[in-house]
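To keep things clear, I will list the structure first and then write my remarks on it.
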Amino acid sequence: MSNKPEAIERPVNFIRNIINDDLAKNKYQSVRTRFPPEPNGYLHIGHAKSICLNFGLAEDYQGECNLRFDDTNPAKEDMEYVESIKRDVQWLGFKWAGDIKYSSNYFEKFYQYAVELINKGLAYVCFLNAEETREYRGSLKEPGKNSPYRDTSPEENLALFEKMRAGGFKEGECVLRAKIDMASSFMCMRDPTLYRVRFETHHQTGDKWCIYPMYDFAHCISDGIEGVTHSLCTLEFQDNRRIYDWLLDHLDDFSRPDRPFQYEFSRLNLEYTVMSKRMLHQLVNDKLVDGWDDPRMPTISGMRRRGYTPASLRDFAERIGISKVDSMTEMGILEAAIRDDLNVVAPRTMAVMDPIKLVVENYPEGEVESIQAPVHPQNEAMGKREIFFGRELYIDRADFEPEAPNRKFMRLAIDKEVRLRNAYIIKAERYETDADGNITTVYCSYDPDTRGKNPADGRKVKGVIHFVEATKALPAEFRVYDRLFTVPNPAKETDFEAVLNPGSLITKNGFVEPGMADAPVEQAYQCEREGYFCRDNKITDRLVFNRTVALRDTWSQNK
RNA sequence: AGGGAUAUGGCCAAGUGGUAAGGCAUCUGGUUUUGAUCCAGUGUACCGCAGGUUCGAAUCCUGCUAUCCCUGCCA
C-alpha cells in the first residue's frame, strides 16, 4: 500500500473529507496549509480557530503549515502586530514550517507574474479614477462597462506598468487591472484591480516599492509559490475563489492539477463579545478596555492574561468543529473547555475576596498551627502545601448569615456548624457589626478533634467554607471578570459601545495563603469554591489575580 | 432574470439512500472536607417548508422560504 499520510483520530469535518479524497486520488503527495494573517491587529479567538485548523491539519497529516504575513497594504500594517502574532501562534503551541513567510518576500515575483498577464493580454493599466471605476463596475443587477483603457496593447501596458513601478504616476492616478469580464455576476471578476500606487514605507521592504499588489492577486500566487495544497479561509471569500482560480489557471507556473485550491469555512462568532478587527481597534483606541491584552478582550493575548491555556483553546477549537454554517457559539463551550483543563492541572488554594474576621474563641491566643493540605484533592502526586490555622481567621462575607435563610443553607450561621476546609469544624456563636450594620467579626468555637476527620460522635456537618489565617495571610487584589457586553450579539447593535457591560470588571481586595507569595505569572490556581485565577502577567509588583472563569455553579441559579 | 453560500434538539456538530453519533447546556439521582470534580441517568429532533422518485430519503429530484456574503485603488 501507499505510505501516504493518514489523519490521526480527530473529529471529522468537510475539509478533512476533501483532503482524504485528494490524497486517495493522488492529487497531492502531502499536505501543506498556511495561516495568513495581515499584521494590522492582534489575533483573537477566531484566529485561534483558524490556526488550530491549519496547523492541526498539518500536524495530523504529517504535512507542514506556513505562517505567512499577508502584508500587501503598508498603510495599515505595523511591526508591533507581526511581533504579537508570532508570539500568539507560538504560545498556542504551533510550529510553522521553516522561516516565517511574508507576501512581501514575493513582490519581485508578483511583478513578473503581472508582466506575464500583461504579455498575454490579460491585464492592463487603467487610468479611471476610483469614482469612475465604481461607475464602470455596474451594480449587482446591472453589468458593468469596459474601461476605455481595456484594449491598450501589451507593449504599451508593459511600459506603463514599468513606469508605475518607477514612481512615474501619482497615487490614485492609475492601477493595473486584470482583463476578465465586466458583465460577470461575480463583482470581483469585473476586471479586478491587481496593483495600486502607494508611496508608503513598508515594514519589510522599506521604500523599495511604490506599487503594492491587492489581496486577490497576492494571495493565490503566494499559495502557489509556497506549494500550499489547501488554502483555507472564511466564508466571505467564497466569491473571491473565482479570481483565485482564474489567476492561477492563467499563470504558466501554476496551471497544474496539483495547484492550491481554496476552501471556505465559517468564521467563529462568540456570544457576548465582538470579533471584528474594526470594533476591537475601537475598544482599544477609545480606552474602553485596558489595551489589546485586557483580560476581557477575545484576543489571544487577552485570554492568555485572563488565564486561558493553549490546551484549552485548542480543545475549544476541536469542540466547536469546522463547517460552513453561519453560527453563534455560546460562551458555555469555551468555559467548559477551560474548566476541564484547569480542573486537572490547577493547584488548589484558598483565597478570601470579601473578608470578614472570624475569631475562634476556644483556640489559644497567640498560637498558630501548620496544616499540610493537598495541592489537588484528586491527585496526590501533586503533593502538599502548608497552610495555617489560628485564633483569628478571615472568611468570606458571603459565607456567613446570622440566620440560615433556609434548610438548604450550607454555610455558616449562628448556632450552626460548618467545616473549615482542610481544618476543623466550627460553630458560630455571635457576631459584631459596624455602625452601618455590616458584619465585621464572627465569633465561633472549634471542635479540636475534627482536624482531618469527622466528629467521633457521628454528627454530620455538610457545609464547607474556605478561610485564611489572619496573621499569615497576604493581601491580594482580585479582578473578577464578566462578559464584555450585555447582549449576545453586540456587533448587531447600531452602537455596540452602548451595550458594554459596566460590570465586566469588579476589583476585590482580600487575602491569599502565604504560599501564594511567589505565584508565577499566568500560573493557574483554583481558589476553592471561588473559581480559577491566575497571577496577572502585567502588574507584578504586588499580588493581582485575574479570574479566568468561575467554578460551575448549579446552586446560585435556583436558590 | 443578479450571483455565491447555508438550513440536523437551546448552542456547536457528525451523517453522503437503509431507518438520526458526539460535545456543551438542561434536568434527576449517587459519591464528596470545593453547593466543584467524578459517576449514572435524562431529549416526542415532523433533519427549514411543500411536493416527487424509491421497498426505503436528513441524504436523490422539483418548487418555495429564511438567513449570511458580494458593487474598496481593504483583507
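Where a number appears in this text, it was derived from the coordinates with a stated rule and is not lab data. Not measured: the values here are computed from a predicted model. Glycine gets a Cβ as well: all are built from the backbone with ideal geometry, and neighbour counts include every protein chain shown.
Taking the dipole about the Cα centre of the range A:65-141, with the C-beta of Lys and Arg at +1 and of Asp and Glu at -1, give me whichever of A:Phe127, A:Leu140, A:Thr72 is farthest to the positive side.
The residue sitting farthest along the positive end of the dipole is A:Leu140.
Provide A:His376, A:His44, A:His281 in ascending order of the number of other Cβ atoms located within 10 Å of each residue's Cβ, fewest first.
Fewest to most other Cβ atoms nearby, the residues stand as A:His281, A:His376, A:His44.
Give me the Kirkwood hydrodynamic radius of the range A:1-145 in Å, from all C-alpha pairs, to one decimal place?
Computed over Cα pairs of the range A:1-145, the Kirkwood hydrodynamic radius comes out at 18.5 Å.
About the Cα centre, and with charges only on the beta carbon of Lys, Arg (+1) and Asp, Glu (-1), how big is the dipole of the range A:345-499? Nearest 20 debye, please.
800 debye
Based on C-alpha coordinates, I'd like the Rg and Dmax of the range A:343-400, in Å.
Gyration radius and largest Cα-Cα distance of the range A:343-400: 13.8, 39 Å.
Cut-off under 12 Å on the C-alpha distance; same-chain residues fewer than 8 positions from A:Lys538 excluded. Which aspartates and glutamates are left, in chain and number order?
Partners found: A:Asp290, A:Asp293, A:Asp294, A:Glu522.
Could you give the alpha-carbon Rg of the range A:138-246 over 2.2 N^0.38 Å, rounded to two decimals?
Against the empirical 2.2 N^0.38 Å value, I get 1.18 for the range A:138-246.
Using the Cα centre of the range A:47-110 as origin and beta-carbon charges of +1 (Lys, Arg) and -1 (Asp, Glu), tell me which of A:His47, A:Tyr81, A:Ala58 is placed farthest towards the positive end of the dipole.
A:Ala58
If the only charges are +1 at each Lys and Arg Cβ and -1 at each Asp and Glu Cβ, what is the size of the charge dipole of chain A around the Cα centre, to the nearest 20 debye?
940 debye
Between A:Pro364, A:Ala398, A:Pro377, whose Cα lies farthest towards the positive end of the dipole of the range A:346-419 when Lys and Arg beta carbons carry +1 and Asp and Glu beta carbons carry -1, centred on the Cα centre?
Of A:Pro364, A:Ala398, A:Pro377, it is A:Pro377.
Rounding to the nearest 20 debye, state how big the charge dipole of the range A:63-192 is about its Cα centre with +1 on each Lys and Arg Cβ and -1 on each Asp and Glu Cβ.
For this selection, approximately 300 debye.
Under the √(5λ) rule applied to the eigenvalues of the Cα gyration tensor, what semi-axes describe the equivalent ellipsoid of the range A:335-435? Give them in Å, descending.
28, 19, 12
Where does the range A:367-503 land on the Kirkwood hydrodynamic radius, alpha-carbon pairs, in angstrom?
When all Cα pairs of the range A:367-503 are included, the Kirkwood radius is 18.0 Å.
Once chain A is represented by equal point scatterers at the alpha-carbon sites, with solvent omitted, what log10 I(q)/I(0) does the Debye formula produce at q = 0.11, 0.12, 0.13 Å⁻¹?
At q = 0.11, 0.12, 0.13 Å⁻¹ the computed log10 ratios are -1.03, -1.16, -1.29.
Within 10 Å of each residue's Cβ, count the other Cβ atoms and sort A:Thr441, A:Thr450, A:Thr33 from fewest upward.
A:Thr441, A:Thr450, A:Thr33
Compute the normalised compactness of the range A:198-250: alpha-carbon radius of gyration over 2.2 N^0.38 Å, N being the residue count.
1.33
Which whole-Hz ³J(HN,Hα) couplings does the range A:352-363 yield from phi under the Karplus relation 6.51 cos²θ - 1.76 cosθ + 1.60, θ = phi - 60°, glycine and proline marked x?
So the J values, rounded to whole Hz, are 10, 9, 9, x, 10, 7, 10, 10, 8, 5, 9, 9.
Rounded to whole Å and ordered largest first, report the semi-axes of the equivalent ellipsoid of the range A:474-559 derived from its Cα gyration tensor (root of 5λ).
For the range A:474-559, the semi-axes come out at 28, 17, 10 Å.
Can you bin every Cα-Cα distance in the range A:397-467 into 10 Å intervals starting at zero and give me the percent of pairs per bin, rounded to whole numbers?
It works out to 20, 52, 24, 4, 0, in whole percents.
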